[in-house]
């Protein structure tokens, strides 16, 4: 069975590869011998019709999204595997294995797109590639070596899964750890190339290795590393959620519904877990950019890219609302009889979320007709203009994180009753802590209007972030401890979620992918007309940065292509494999037991769709 | 379920938000532009849908009346004629909107000028070479009175004698949103290069600020900058 | 039809087709994909409704040595080189301690033009000794690269322009005479054409 499946997927890959090669090679072939003045080295080549930049844009974005997925999934799988070992719940081990299977097939596609990207860059941007190879050649070698190690580890991890159960499980977990370590280095090496383009440092003379090392340690390297690492976890989690959502909608029987409902829950859980600290990493990155070059900071936040951040606020807002909505749907449907108890707190949280989102999305300079602008006395509204500045945005984003965190805790505790003697004290403490955090965040936010910018940025915003992080880091383990000894009062019923839950999971994943494409465009355009900021100018006809609308169309196209690609990979991975029992075989008896009271009555309710 | 259904409550909430933003708020302050009102209404709709579809029963309470109204099942009397009116008027509304969007009109397009665009690289890292002494500030104030005061005003609030002639109006330095959030080097660039030196997103064709490099030396410009901060009671933005 | 209108039309059509699929098609996978396409179409429409600004690269400036009439102009050219091709601002700041290398505020009045020239072209010629260790003092090598060699490779005229800028931004008289600049006809190396 296994062999047949592998052969079939190999054929599918070969076909995909050929199609892509033809699609790419034909226009390139036509344009290959383009305007190189006699004697001078060719600096750029173009592709008639779509343009070289657009092609690079699309291929690079696909590669990057796939890479994010391929680096996020091992973290996700490894964490699930550990949870499986610690709790003895076989479902987690199965889930981890299912996703590692997806990993093996998407790994090849990622490398394929990386290869296409490399060939295209060498062909279309020779001047830039020449420069970068000159600086970074040693790290190219390191990258290749890392790839060999990663591939070998991945093969061992995946093919050794079943044979390393039991006494050798520790070794397998160690392999998973190694896989993640290599994956992390595979991510940070290319990050150094990209961040060097945005924030180059002067490279003195020295050995080849010394030069590459100096260029690698550029000011935005670590902020981007951390930001991408967390974002990859988020991407992995939400894509797992979307996959489960889709499978849930397509499920044929109650057993599958139970399994995929549970999988969607785990995906969303991990996604939100990564999402909460993500804004802090983004804030750190933005600060480093401002500190590195104020001009770049202004281009991003106040210049021609300022509207992009309103779009970003919209996408993040929908993601926050969507994730919370999924939690709330879970409380309402999976825990029978919970509606009356939770409706009011949910309404309160929803109102806070939306008010915060409204503040976040209010731009500094409003879009107004001439008449409206005249009435306001400019493009700043006298009252709502105060929402447009950084102090307000920082405050509401911190509040949204706190609210989402409350949802998370509420869901965790729903249907359980603490038995520990100190439970009352602990719960009161948590409540007080959350309350104080909210007050501190709001007070600092308002106070921020009345102090010099530098005080606000260095002390107030940092304090807000630290307070929220402190709450996250204290309440989570405390709740974990409480839940360990808690008694389950109402058993969760799996597989009874309405169809819209599946759609919400898909929506959240789309939002995450769109956000990655949007911020990729932001990072690229903040360099404006430079290949390497302040060092090597882009002199091609594509030196300009397109307007947001045009860029958004390409982002949407990229997102759609990526969704199709992921669906294709998932389909290839599932071809011929374990057809009869579905993915849920013997290991899921536990889940089935838990859900058995509902299995009989659920199907009718859960097939409803929008 | 007693009382009005969720659908009706949602409709009332939406209407209330609209009335509050469109008609009540202008009584207190300047009216909001429509773009912002649409944004807030959109968020309200999201809230109603999310809250309404939390459980199976509430979904029925929210969507049931709407579906029944539209399909015409089990309604009668005035509601039935209201349904007919909606079904006729809605396409007309869409048609009117489309027509309004396509028909040529005399309104200029919406304003989207970036007031403080990114300065060119060669100005970002500059700092004031002159010490901030009372003499320098005094000399700067004299220069300000000679060159800047007619537009930016004796009180540094953009309210000079000639200010009425300009749209956009001269910058108000007393406003914490202007020079207080900019570095001295930014002011140096704006004074030296004037309106024509702005990048495209700053709409260089709109600003009437002269290119002072033609008439003033760098030292004079730095002195004027010191005088502006002192006169407006502001401090330049710093990064440390 | 402008580009924006074309894209808006495409976005609307995608939403319309997606809506039709959701209404009439039963296959779940197709429905979910249609839903995704509708979300993306809506996103594009929102992005098309905000102000559209492209960022254009600045016009390429060709600088002709013969056209420089005043020392002020030379300093202005030096300012551009300082913040772009010369890459000085990647490490040095002017009036801030945030930089990775010495701050250059007032450097034009602290140092002679000969010393600045030497610092740019032979950065190791005059360096501090490092006593903070056992045994004999060592040279404390400068991180500064040779500005007149690759990869930065400024030519003589450009270096003089940068010095003129450093002097003028320190409030000093520029001591570079315009006659010191090599004109293209007298220049022998081809690199000088740049200025």
Gyration tensor (alpha-carbon) shape descriptor, region B:121-232, a/c threshold 1.5: oblate
Radius ratio Rg over Rh of the protein assembly as shown, counting only Cα atoms, Kirkwood formula for Rh: 0.98
Cα-based shape type of chain A, given that a ≥ b ≥ c are square roots of the gyration tensor eigenvalues and the cut on a/c is 1.5: oblate
Averaged over C:86-94, number of beta-carbon atoms from partner chains that fall within 10 Å: 5
Computed [θ] at 222 nm, helices only, for the protein assembly as shown once each DSSP H run of length n ≥ 4 contributes -39500 (n - 2.57): -21500 deg cm²/dmol
FRET efficiency, residue A:484 to residue C:23 (Cβ-Cβ, R0 51 Å, nearest 0.05): 0.55
Nearest-0.05 FRET efficiency for residue B:67 and residue B:107, computed from C-beta distance (R0 51 Å): 0.85
Averaged over A:346-358, number of beta-carbon atoms from partner chains that fall within 10 Å: 3
Estimated inter-spin distance, residue A:151 and residue B:206, nm [label 7 Å along Cα→Cβ]: 5.6
Region C:3-49 - Rg and Dmax from Cα coordinates, angstrom: 11.1, 35
Candidates B:228, B:57, B:201: whichever shows maximal mean-square fluctuation once chain B is modelled as a Gaussian network with Cα springs under 10 Å: B:57
Förster radius 25 Å - calculated FRET efficiency between residue A:54 and residue A:143 (Cβ-Cβ, nearest 0.05): 0.45
Prolate/oblate/rounded call for region A:236-351, Cα gyration tensor, a/c under 1.5 rounded: prolate
Sequence ranges A:508-519, A:448-459, A:104-115, ranked by mean other-Cβ count within 10 angstrom, highest first: A:508-519, A:104-115, A:448-459
Peptides B:61-74, B:144-157, A:550-563 ordered by average Cβ neighbours within 10 Å, highest first: A:550-563, B:144-157, B:61-74
Peptide-level mean, for A:560-568, of C-beta atoms on other protein chains within 10 Å: 2
Sorted by Cβ density within 10 Å, fewest first, the residues A:338, A:461: A:338, A:461
Mean Cβ neighbour count within 10 Å, used as a protection proxy, ranking A:464-475, B:8-19 highest first: A:464-475, B:8-19
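Throughout, read-outs are computed from the coordinates displayed, never taken from laboratory work. Nothing here was measured: the structure is a model prediction, and the numbers come from that model. So basically every Cβ, Gly included, is an ideal-geometry build from the backbone, and we count neighbours across all protein chains shown.
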